[in-house]
Amino acid sequence: MFLKRISFLATLGLIVLVPGYASAQNIEFIRDAEIENTIHTFAAPLFKQAGVEPDAVSIHLVKDQQINAFVAEGLNLFLNTGLIEKTQNAGQLIGVIAHECGHIAGGHLVRGAGEMENAQNESLASMVLGVLAAVAARRGDVGEAIMMGGNDMAMRSYLAASRTIEGSADTAALKFLDNLHMSGRGLLEFMEMLGTEERQFTASQDPYVRTHPLTRDRIDEIRNHVEHSRWSDVPVPPEYVEPHQRIRAKLSAFLDPPGVTLLNYKEDDKSIAARYARAIAYYREPDLGHAIPLIDGLIAERPKDPYFHEMKGQMLFENGRAVEAVPEYKLAVKYLPNNALLRAELGQVEVETEDPAQLPDARTQLIAATQRDPDNPDAWRLLATAYGRTGDVAMADASMAEYALLVGRWSEAMYDAGKALRGLKQGTPVALRMEDIRSQAAQGLEAQKRRSR
């Protein structure tokens, strides 16, 4: 599991930023192959119902205990870790995702942009761009450079319009679930739980500044649908139950203090999820004497589970045992070969063994990782290291140019791309890409200069 810190504050539902708070918050993005894949598995049928290809939607996990989910322009789905942990079953999480797909299908991103224009609130649109820029660059300062303060009346106008939009997204979500012969009961349960918490903690809050307007009418409409839908009593698909339990346990084990995790997942709980959580908690203490036997037990039961091998590899690698970690990461990649993040992790461990014999495979893994996930700056940086250590200076410079562009270091991107071009054959795909990077970096540098004036 990897964390990326980016500064901005996002609200629930459609992407809107709260004026005055954007630059004050530090939000971390989590990258985790198991959690991302589980969410994608739950969401893929719903994305299709919304009329989009599942692979066209980027899923982002935000390390934040607040209950939060939203979609953003460019088909981006953001889920807070707090939301995932709060869901008591897979049906609730699927219901929330269905609601967000309702926003996509309804064209609410476009409509939301129109509401911002009608409210003459250009600052909100700027902050939306700031979030997307920060996500793309993996840097908060890139987003903050674009974000600006907003007008309170315009914010009220936008959120008032969003109340209608939220109800429309609920309707679409319930239709999608019916089409898939899935129950809407999870969405109802989650909304009721959220409504109860709002009454407890925000009873005096101005309803126009609530991040995701909940109304009694909305919940009543969902309840009415559940009472009449022929699919409401259909259980969650059994193949979804354990993955949901595992990602909740994994998040808890990584984000809560180890003692809290061990209290919540007691020794007498022999479930897969509980043992997984305890293994991670012990590794974080660090206590590999307890952690390794637990993860080995899980591997013995599920020898082809890529995520258990990945977890053991991480335990070993982060405790200075990179050489021992390599076989575990190789097994993870063997059992899930098309996952870019696992390949990047394997490449990283192979590079950091500092064993020249590992470099050819490290380069292979990192090339595959950057092809499948070209927006991962760390994979490009590691690929540059692998190229450099094997003597391919031009490709090392080209990889560093990709890295610099992704993290918003425009001058460095232009410099590294120029260096790479001096060693690359003119007209090759990589050389043409370096020309593109120089052009994009020049535009970014000029925009940065304009903002600083």
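The values are calculated or read from the model by the stated rules, or taken from the named source; none is laboratory data. None of the values given here were measured: they were computed from a predicted structure. Ideal geometry is used to build each Cβ from the backbone, glycine not excepted, and the neighbour counts take in all protein chains shown.
Restricted to helices (runs of 4 or more DSSP H) entirely inside the range 284-337, those with at least 3 residues that are surrounded by fewer than 16 Cβ atoms within 10 Å (Cβ to Cβ), without any contact (Cβ under 8 Å) to a residue 24 or more places away in the chain and small (Gly, Ala, Ser) are 288-301. For the range 317-334, a residue qualifies if it is of a type in the set (Val, Ile, Thr) and under 26 Å from the mean Cα position of the chain (by Cα), and the qualifying residues are VAL326, VAL333. In the set ALA291, ALA340, ALA344, only one residue is among the hydrophobic types (A, V, I, L, M, F, W, C) and over 23 Å from THR385 (Cα atoms); that residue is ALA291.
Please go through the range 146-196 and give me each residue that is assigned to a loop (DSSP other than H, G, I, E, B), among the aliphatic types (A, V, I, L, M) and at pLDDT below 85, ordered by number. Show your work before the answer.
First, pick out the residues of the range 146-196 that are assigned to a loop (DSSP other than H, G, I, E, B): 147-151, 180-184.
Still in the list and also among the aliphatic types (A, V, I, L, M): 147-148, 180, 182.
MET147, MET148, listed by residue number.
The combined condition, being in contact (Cβ under 8 Å) with a residue 24 or more places away in the chain, of a type in the set (Asp, Glu) and more than 22 Å from ASN37 (Cα to Cα), is not fulfilled by GLU345. Residues that are crowded, with 20+ Cβ neighbours inside 10 Å and over 9 Å from the mean Cα position of the chain (by Cα) within the range 50-63 comprise ALA50, VAL57, listed in sequence order. Within the range 409-428, the set of residues being of a type in the set (Lys, Arg), surrounded by 15 or more Cβ atoms within 10 Å (Cβ to Cβ) and in a helix (DSSP H, G or I) comprises just one member, LYS419. Considering only residues in the range 359-384 that are out of contact with any strand residue (DSSP E or B) (no Cβ under 9 Å at 6 or more places or on another chain) and not in a helix (DSSP H, G or I), the one that is surrounded by the fewest Cβ atoms within 10 Å (Cβ to Cβ) turns out to be PRO374.
Quick one: count up the residues across the range 62-95 that are part of a helix (DSSP H, G or I) and in contact with a Gly (Cβ under 8 Å, 6 or more places away or on another chain).
Our first condition is that a residue be part of a helix (DSSP H, G or I); within the range 62-95, this holds for 81-86, 90-95.
Still in the running and in contact with a Gly (Cβ under 8 Å, 6 or more places away or on another chain): 90-95.
Counting residues in the range 62-95 that are part of a helix (DSSP H, G or I) and in contact with a Gly (Cβ under 8 Å, 6 or more places away or on another chain) gives 6.
A Cβ distance below 6 Å, combined with a sequence gap of six or more or placement on separate chains, defines the contacts here; from the range 65-76, residues that are in the same structural domain as ILE30 (by TED's automatic domain parsing) and within 24 Å of GLY195 (Cα to Cα) reach residues that are surrounded by fewer than 21 Cβ atoms within 10 Å (Cβ to Cβ) and modelled with pLDDT of 85 or more in the pairs GLN65/GLY82; GLN66/GLY82; ILE67/GLY82; ILE67/LYS86.
Would you confirm whether any residue within the range 429-446 is among the β-branched types (Val, Ile, Thr) and buried (at least 20 other Cβ atoms within 10 Å of the Cβ)? For the range 429-446, residues among the β-branched types (Val, Ile, Thr) and buried (at least 20 other Cβ atoms within 10 Å of the Cβ): present. Quick check: anything in the range 399-409 in contact with a Leu (Cβ under 9 Å, 6 or more places away or on another chain) and more than 17 Å from ALA431 (Cβ to Cβ)? Checking the range 399-409: at least one residue is in contact with a Leu (Cβ under 9 Å, 6 or more places away or on another chain) and more than 17 Å from ALA431 (Cβ to Cβ).
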